[in-house]
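A.B. asks: For reference, the structure I am asking about is given below.
The values are calculated or read from the model by the stated rules, or taken from the named source; none is laboratory data. Values in this document were obtained by computation on a predicted structure and should not be read as measured data. Virtual Cβ from ideal backbone geometry, glycine too; neighbours counted across all protein chains shown. Just the protein is used for accessible areas: all its heavy atoms, side chains included, with ligands, DNA and RNA removed. Shrake-Rupley method; radii C 1.70, N 1.55, O 1.52, S 1.80 Å.
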Amino acid sequence: MDNEWIISDNSLEEKDLLKNESLFNVSNGYLGVRGNFEEKYPENYKTIRGTYINAFYEDAPIQYGEKAYAFPETMQKIVNVTDSQDIDIIINGEKFSVFQGTIKDFNRYVDIKKGCYIREIQWVSPLGKELKIKITRMASLKYLELFVINYEIEKVNFDEDIIIESSINGDVANFTDENDPRVGTDHAKILSVKSITAEKEVMQIVSETENSKNIVAMTTKHKCDAEHEVTVEKTDKSVKAIIKIGTESRLINFTKYNVYTDSRRHENVEKCGFEIAGKLSSISFESLREKQEEYLNKFWSLADIDIVGDEKLHQGLKYNLYQLLQAVGKDEKSNITAKGLSGEGYEGHYFWDTEIYILPFFTLCYPELAKGLLRYRYNILDGARERALEMGHKKGAAYPWRTIIGKECSSYFPAGTAQYHINGDIAYSYVQYYLATGDFDFIKEFGAEVIFETARIWLEIGHFDKGLFKIDAVTGPDEYTAIVNNNYYTNVMAKYNLKWAVKFYNELRCKDQKTLEILSDKIGITEEEVKNFEDAYTNMYLPYNEELKINAQDDTFLSKAVWDFENTPKENYPLLLNYHPLTIYRYQVLKQADTVLAHFLIEDEADFNTIKNSYDYYEKITTHDSSLSCAAYSIMASKVGYQNLAYKYFIETARLDLDDTHGNTKDGIHTANMGGTWMAIVYGFAGLRIKEDYISLSPKLPEIWNELSFGFSYKGNHIKVYMKKDKTEIISEGKSLIVLKLNKTLYEITGSKKIEILN
Ligand code: BGC
C-alpha cells in the first residue's frame, strides 16, 4: 500500500517492532509518543515505551572519575513521562492481541498527508471471536497538548459484551544502555507520582521530577458512542477505566483524549490539564482529524518538493520532512532534538544539528518556525554568557555543545565543550535567515546581540601569531579528531561570525543608532572592540597544504598516519563503539564531513580546485559514522561534478531511518540527516546558494529522475523551480525585486515572472 504519503510496515518481528516504535512516532513538536502497541507485546519482547515533552527535563548529576575545573556538574535529560497508551479490548476474558489468535488482515502505516498513524486489523481470537479494529493516533498539530487515540471496532461474528480497559500509568522509566554513548547510561527512574484523580469522567496523574522539580500532569477523558458503563480502578501509580459496552452495539467508536500539561509551559498544570481536556474532548475525533489535515495541507504547500521517477526516494524525502515538522519545537522554550520526540538517543538534547542541517529547510520553507528556533537560541543566551565566564573567558557567549535549557550537558569535553564552532554555526544561521528573508527587524531585536556575543569568543580563544589570527585547542565537526589548532571549519566559521558582527554593527550605526545605543548599554560593545573583530577576521589563518593543494583540516591532521581501512572489518564500524578515542585521534580518519562541509557553507573562501581536491582527499578517509555526513558529501559531490556520487550519498540520507541503515533507529530518528536530505536536493542537485545580494542556482538533474521540482520563499517572494530533463523553469511570484543567478547569467526579477533555460 506504500506511496509517497503512506509508509507501512506490518512486521511483527521483535527487532522491527522496536525500530518501528521510532518510525511510527506521533509528535507535534511539544509532545511525542513512540509507536508502541496499546495492548503491548508479549512479555519477553524488548520495547522502549515512551512519551516525551520537548524540553521537559530532569537535572541529573554527572559522575566523573576525575573531575576538572569547569566540568559541568549536572546535565539535563529528557524525561519519559506518564504513559497514556494502554488500551485493551476484552471479549469474554480473551484479550485482543496480534500475537495470538488468527490475523486475517493487518496494515500498519503512517499517513503523512493526514498526519495520522493507523493500525487496521481483522482478527479472530483463539476462541473464534472475530473483530475488525482500526486504531488511529495523532499528536494534534493544532492543539499541542493533545495526544488522541481513536478505536473503530466492529464485532464480526458475535454478540457478547466488549470491555475496553484504558489505563494511564505513572510508573515509567527512561531507557538506558550502558554500552552506547549515544544513549543515556544512567538515571532511569526520574518521575514520581504526586497525585492521582480517578473519576469516571476524568483521570489524571500528576508527577514530578526529583531534582529539577518539573511537574507534568496527564489528564485523560474518554468518549464512546455506544451504550456503556464505566468503572474506575486505581493503584498508587496508575488509573484504569473499565468501559463495558452493551451487547446491542455492533460498531463501536471510542476515543481517548490525553492531555499533557507541564510546569515549564502551564501555570497550574493540574487545573490547566482538566480545563484543556474538558475543552478538547468536546471536539469530535473526526473534526480533530480534519484540523490535522488542514494543518498538513498548509505544511505541504510550503514544503513543496517532488521527485518524479523514483518512488522510494520520493517517499523517503517526504517522510523526512514530515518528521521534521513533527519534531520542531513550536514555542521558544524548545528546539529540535537530535532524535525529535521519537526516542531517547542523545537524551533529548539540542546540538548544532539544528543550525547547520535543519534550519535551512525551515528558513526557506517555513520562516515562522525558523524564527522560533532562532529565538530559542536567543533565550538561552544568558546561559551561554555564564558558560563563557565559567570557561575563563572575560566576555562573550559560549553556547553549550548539547543542552536543553542552556547549560552545557556534555561530560566529554574533547567532543563537547571543545566544539566551539557551535558559536559560529548559530551566528551563521541568523545571517542565513536574514539573507533569505531580509528581516532586519529580527536582527535588531535578537540577531545582533547573538552575533556580537558569539563573535567575542573568537577573540577570547584566538590570538595573533606572526600577523595571523589563530584559534587553538578546539574540535571541529569531525569528532574523530579532537583538540587541535586551527581547524579549518572553525576558523572559517569564526571569520564569518566576526565579519557579520562588524557588518551588523556598521549597519546599525547607519540605520538605527538607537538600537545600537541600547545594545551598547546592555552588552558594552564598543567601536574599538569591533575594530578588533575586523583585525581578527581579515587576518584569519585558514590552513592550506601547498603540496596537496587542499585546505588542511587542522595544523597537524595531514601529518598523521592514515587509518588502516583495508584491515578494518565491517563490524568494527562505527569506530566509536570499537576503539578507544585516542586510537582514533592518532589517525587521519573522519567521522563526518568537516572541511568539505566548510566548503559548502562558506564556499567563497576557497577556489574551485581547492574545493575539488579537498573533496577527493577527505572523501576517501571519511567513515560517515555520523548520520550528519552523507548529506554534506552529496551536496559537495554535486558541486564538484560527481553526479553519481552525489546520487549515491543522497540515497543514504533519504532512507537512513526507513531502512535503518545505521542500525540505531530504535533510539529515535535522525533529524539532522532528515534536514540533510532536503539540502542534498536543493543545495546539491539544484545548486542553490543564498548570497549577500542574490541567490544562485546551478541545476543538475540526476539522470535517473524525470523531474525534480521544489518551492521556497526568498525575501517574501515564492520561487518555484522545475528541473526537467531538457530544461529548467523558474517561476517567481511576489512583489520584491530579486536578483537570481542561473548558471552564469544574472536576472533581475520583479513581480511574477517565468524564466526558462534549456539544458
Ligand atoms: C555527531 C555530532 C552530532 C550528534 C548529534 C554525533 O554523532 O558527531 O556532530 O551533533 O551526533 O546528532
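A.B. asks: Return yes when I483 is of a type in the set (V, I, T), open to solvent by 20 Å² or more (accessible area, probe 1.4 Å), touching a residue at least 24 places away in the same chain (Cβ under 8 Å) and within 16 Å of the ligand (Cβ to nearest atom) and no when it is not.
C.D. replies: Judged against the criteria, I483 is a match.
A.B. asks: Looking only at the stretch 124-140, which residues are among the aliphatic types (A, V, I, L, M) and open to solvent by less than 10 Å² (accessible area, probe 1.4 Å)?
C.D. replies: Listed by number, the residues that qualify are L131, I133, I135, M138, A139.
A.B. asks: OK, next. Within the stretch 24-35, does at least one residue satisfy the condition of being closer than 30 Å to R387 by Cα, open to solvent by 50 Å² or more (accessible area, probe 1.4 Å) and within 25 Å of the chain's Cα centre (by Cα)?
C.D. replies: No: zero hits.
A.B. asks: So, one more: When you go through (1) more than 27 Å from S212 (Cα to Cα); (2) open to solvent by less than 50 Å² (accessible area, probe 1.4 Å) one by one for Y378, which number turns out not to apply?
C.D. replies: Tallying (1) more than 27 Å from S212 (Cα to Cα); (2) open to solvent by less than 50 Å² (accessible area, probe 1.4 Å), Y378 fails exactly one: (1).
A.B. asks: Same structure again: Might you let me know whether the stretch 181-193 holds any residue that is surrounded by fewer than 20 Cβ atoms within 10 Å (Cβ to Cβ) and modelled with pLDDT of 95 or more?
C.D. replies: yes
A.B. asks: How many of the residues in the stretch 385-428 are polar (S, T, N, Q), more than 14 Å from the ligand (Cβ to nearest atom) and surrounded by 20 or more Cβ atoms within 10 Å (Cβ to Cβ)?
C.D. replies: Within the stretch 385-428, residues that are polar (S, T, N, Q), more than 14 Å from the ligand (Cβ to nearest atom) and surrounded by 20 or more Cβ atoms within 10 Å (Cβ to Cβ) number 1.
A.B. asks: So which residues in the stretch 176-189 are closer than 19 Å to V216 by Cα and under 24 Å from the mean Cα position of the chain (by Cα), if there are any at all?
C.D. replies: Initial filter on the stretch 176-189 (closer than 19 Å to V216 by Cα): 187-189.
Within the stretch 176-189, H187, A188 qualify.
Let's see how each residue does on (1) within 16 Å of the ligand (Cβ to nearest atom); (2) under 30 Å from T623 (Cβ atoms); (3) touching a residue at least 60 places away in the same chain (Cβ under 8 Å):
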site	(1), (2), (3)
L468	no, no, yes
D472	no, yes, no
N487	yes, yes, yes
Y505	no, no, no
K514	no, no, no
E529	no, no, yes
N532	no, no, yes
M540	no, yes, yes
N567	no, yes, no
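A.B. asks: Hey, another quick one. Just to be sure before I move on: is L558 within 13 Å of the ligand (Cβ to nearest atom) and part of a helix (DSSP H, G or I) in the structure I sent? If you could, list the steps in order and put the result at the bottom.
C.D. replies: Details: within 13 Å of the ligand (Cβ to nearest atom): no; part of a helix (DSSP H, G or I): yes.
Taking the combined requirement at face value, the residue does not satisfy it.
A.B. asks: Pick out the one residue from S167, S125, S140 that is more than 23 Å from the chain's Cα centre (by Cα), within 21 Å of G32 (Cα to Cα) and small (G, A, S).
C.D. replies: Step by step, each of S167, S125, S140 is checked, and only S167 is more than 23 Å from the chain's Cα centre (by Cα), within 21 Å of G32 (Cα to Cα) and small (G, A, S).
A.B. asks: Answer yes if at least one residue in the stretch 340-354 is modelled with pLDDT of 95 or more, open to solvent by less than 10 Å² (accessible area, probe 1.4 Å) and among the aromatic types (F, W, Y), and no otherwise.
C.D. replies: yes
Matching residues to (1) buried (at least 21 other Cβ atoms within 10 Å of the Cβ); (2) touching a helix residue (DSSP H, G or I) at 6+ places or on another chain (Cβ under 9 Å):
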| residue | (1), (2) |
| --- | --- |
| G115 | yes, yes |
| Q122 | no, no |
| E154 | no, no |
| S195 | no, yes |
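A.B. asks: If you don't mind, another one. I'm told F533 meets every condition in (1) part of a loop (DSSP other than H, G, I, E, B); (2) open to solvent by less than 40 Å² (accessible area, probe 1.4 Å) except one. Can you identify the failing condition by its number?
C.D. replies: (1)
A.B. asks: Return the pair list, or none, for Cβ contacts closer than 9 Å from residues in the stretch 348-360 that are closer than 15 Å to G476 by Cβ and near the ligand (Cβ under 9 Å from one of its atoms) to residues that are in a strand (DSSP E or B) and of a type outside the set (D, E, K, R), at least 6 apart or on different chains.
C.D. replies: Within 9 Å, the pairs are F351/T403.
A.B. asks: Next up: Among the residues of the stretch 315-347, write down those that are assigned to a helix (DSSP H, G or I) and within 16 Å of the ligand (Cβ to nearest atom).
C.D. replies: Hits for the stretch 315-347 are N320, Q323, L324, A327, G345, Y346, E347.
A.B. asks: Another question, then. Can you tell me how many residues in the stretch 31-89 are over 30 Å from Q323 (Cα atoms) and in contact with a Gly (Cβ under 6 Å, 6 or more places away or on another chain)?
C.D. replies: So the answer is 0.
A.B. asks: Are any residues in the stretch 248-298 open to solvent by 30 Å² or more (accessible area, probe 1.4 Å) and aromatic (F, W, Y), and if so, which ones?
C.D. replies: Listed by number, the residues that qualify are F274, Y295.
A.B. asks: Something else about it: Need pairs with beta-carbon distance below 6 Å; first residue within 16 Å of I635 (Cβ to Cβ) and within the stretch 581-606, second among the aromatic types (F, W, Y) and open to solvent by 10 Å² or more (accessible area, probe 1.4 Å); sequence gap 6+ or separate chains.
C.D. replies: I602/Y496
A.B. asks: Inspect the stretch 373-388 for any residue being in contact with a Leu (Cβ under 9 Å, 6 or more places away or on another chain) and in contact (Cβ under 8 Å) with a residue 24 or more places away in the chain and give the result as yes or no.
C.D. replies: yes
A.B. asks: Give the residue, chosen from A494, A501, A473, that is of a type in the set (A, V, I, L, M, F, W, C) and open to solvent by 20 Å² or more (accessible area, probe 1.4 Å).
C.D. replies: Numbers: A494 fails: open to solvent by 20 Å² or more (accessible area, probe 1.4 Å); A501 fails: open to solvent by 20 Å² or more (accessible area, probe 1.4 Å).
Selected residue: A473, the only one of A494, A501, A473 that is of a type in the set (A, V, I, L, M, F, W, C) and open to solvent by 20 Å² or more (accessible area, probe 1.4 Å).
A.B. asks: Name the one entry in F469, F446, F464 that is modelled with pLDDT of 95 or more, in a helix (DSSP H, G or I) and not acidic (D, E).
C.D. replies: F446
A.B. asks: Name the one entry in A397, A455 that is more than 30 Å from I681 (Cα to Cα), at pLDDT 95 or above and part of a loop (DSSP other than H, G, I, E, B).
C.D. replies: A397
A.B. asks: Turning to a different aspect of this structure: Within the stretch 53-97, how many residues are open to solvent by 10 Å² or more (accessible area, probe 1.4 Å) and part of a loop (DSSP other than H, G, I, E, B)?
C.D. replies: Going through the stretch 53-97 one residue at a time, the tally reaches 16.
A.B. asks: Ok, one more. In the set T595, T583, T622, which member is among the β-branched types (V, I, T) and either more than 16 Å from the ligand (Cβ to nearest atom) or open to solvent by 50 Å² or more (accessible area, probe 1.4 Å) (or both)?
C.D. replies: On inspection, the qualifying residue turns out to be T583.
A.B. asks: Which of the numbered conditions does T610 fail, given that it passes all the others? Conditions: (1) among the polar types (S, T, N, Q); (2) more than 15 Å from the ligand (Cβ to nearest atom); (3) not in a helix (DSSP H, G or I).
C.D. replies: Among (1) among the polar types (S, T, N, Q); (2) more than 15 Å from the ligand (Cβ to nearest atom); (3) not in a helix (DSSP H, G or I), the lone unmet condition for T610 is (3).
A.B. asks: If you don't mind, there's one more thing I want to ask. Quick one: which of N551, N572, N578 is buried (at least 19 other Cβ atoms within 10 Å of the Cβ) and within 30 Å of D625 (Cβ to Cβ)?
C.D. replies: Criteria check complete, one pass: N551.
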